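Read the structure below first, then the notes.
The values are calculated or read from the model by the stated rules, or taken from the named source; none is laboratory data. Given the structure is predicted, the values throughout are model-derived calculations rather than measurements. Reconstructed Cβ throughout: ideal geometry from the backbone, glycine too, with neighbour counts over all protein chains shown.
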Amino acid sequence: MRLEAAIDLTARLVAFDSESSKTNLPLIAAVEDYLREHGAPFWRIPNVSGDKASLFATFGPNVEGGVLLSGHTDVVPVAGQSWTADPFSLRRVGSRLVGRGAVDMKGFDAVCLAMVPEFLAAPLKRPIHLLLSYDEETTCAGPIEAIRRFGLDLPLPGAVIVGEPTSMQVADAHKSVTTHTTRVLGHEIHSAKLHQGLSAVHMACRLVTELERIGEDFRAAGDPSGRFDPPYSTVHVGSIAGGTARNIVARACEFQWEFRGLPDARPTAAKEALDLFAAKLHESAFAPFPRAGIETTTDTRVPGLSPQPGSLAETLALRLAKANRTIAVPYGTEAGQFQSAGVPTVVCGPGRIDEAHQPDEYIEIAQLAACVDFMRGLARELST
């Protein structure tokens, strides 16, 4: 019964086009209606501009020390992908449910909502909370407003389980993600007088080459834990644009790049290294051009997740997953936000990350069933 409810709710959630660039309010309103039908208390937590919101719901006694289930409502874009049918209409194809967000991560959200009647009926001694957030696919900052209210007007959880797809294995570690934009301003002139100008494109290319060298340093340092794939911190330049014409020395150029750091790496390490190189480059090449320069700004900061052996989150999740070891995952999640606030956190959810962000994204129904069993176990654990 719960599994079929989860499938139905997955279809209802997938039907909302909640790409990160768009509002998620229609989806949040639908979930609020669902919670009202079951008499479950909830709080809407809007963002500053009011076009998006998180939703915090709670089941059980009003005490601290419960378990928070965290999921996000946004999905990545479908533009440019070769879907074989409407991405926002869930299809059942054999043992799979196909649709945008099915695995990342509306399937998990749907299981949590399908379990609401059982959560409310259980004799819970510690509460179960649910947080549905926004902007995970862009900044992972969606839960921050809710986290700030923990212990104030929202109950402080004792552990958090983030339901990103891990095939229902328990992940206790992931890399940090820091994204940056580097802007280069040169001095434009006719390309026949190249020596009298300063090409922002050429200077940007030197900076990108330096980032590649910085990345090689991280690769050489490796991963002492031996748990990550790839086994080192990474630097990647995703896009670059600049110049106006082939025969004009480029006045401006900018590129976007990221650093994915092992949990023990400083998230600022790559930027600090690039800033040192940029300072030397500015001193040597930019000196004759007082208006030229290099600026790197940080766009997003996603904290890494560090192992906390023996924490409440880890021991509970391992018991519920019937597992005896944890894993590390290569992608970023909101888990680091909760851990940074002092709440033990792990990642454990249905489906494989390999299917996320793909055309014809899907989740296996068996994975939803395993997640239902996990949630039933959670209700039993918190009722004893």
Of the listed residues (Gly238, Gly226), the one being loosely packed, with under 12 Cβ neighbours inside 10 Å, part of a loop (DSSP other than H, G, I, E, B) and free of Cβ contacts under 8 Å to residues at least 24 places away in the same chain is Gly226
Give region 3-40 a look and list any residue that's touching a helix residue (DSSP H, G or I) at 6+ places or on another chain (Cβ under 8 Å) and either modelled with pLDDT under 95 or in a loop (DSSP other than H, G, I, E, B) (or both), or say none.
-> Phe16, Ser18, Gly39, Ala40
What number of residues within region 45-92 are not in a strand (DSSP E or B) and not aromatic (Phe, Trp, Tyr)?
-> 28
How many residues of region 249-300 are among the hydrophobic types (A, V, I, L, M, F, W, C) and either assigned to a loop (DSSP other than H, G, I, E, B) or under 30 Å from Gln339 (Cα atoms) (or both)? The answer is 13
May I ask you to verify whether Pro330 is more than 30 Å from Glu212 (Cα to Cα) and either more than 24 Å from the chain's Cα centre (by Cα) or in contact (Cβ under 8 Å) with a residue 24 or more places away in the chain (or both)?
-> no
Could you tell me which numbered condition Ser340 fails, if it satisfies all but one of (1) surrounded by fewer than 22 Cβ atoms within 10 Å (Cβ to Cβ); (2) in contact with a strand residue (DSSP E or B) (Cβ under 9 Å, 6 or more places away or on another chain); (3) of a type in the set (Gly, Ala, Ser)?
-> (2)
Set Ser311, Ser383: member being within 26 Å of Ile147 (Cα to Cα), small (Gly, Ala, Ser) and in contact with a Ser or Thr (Cβ under 9 Å, 6 or more places away or on another chain) | Ser311
Cβ pairs under 7 Å, 6+ apart, first in region 6-34 and free of Cβ contacts under 8 Å to residues at least 24 places away in the same chain, second of a type in the set (Phe, Trp, Tyr) | Pro26/Phe16; Glu32/Phe42
Out of Thr315, Thr345, which single residue is buried (at least 21 other Cβ atoms within 10 Å of the Cβ), under 19 Å from Gly65 (Cβ atoms) and among the polar types (S, T, N, Q)?
-> Thr345
Looking at Ser176, Ser199, Ser191, which is the one that is touching a helix residue (DSSP H, G or I) at 6+ places or on another chain (Cβ under 8 Å), surrounded by 14 or more Cβ atoms within 10 Å (Cβ to Cβ) and not aliphatic (A, V, I, L, M)?
-> Ser176
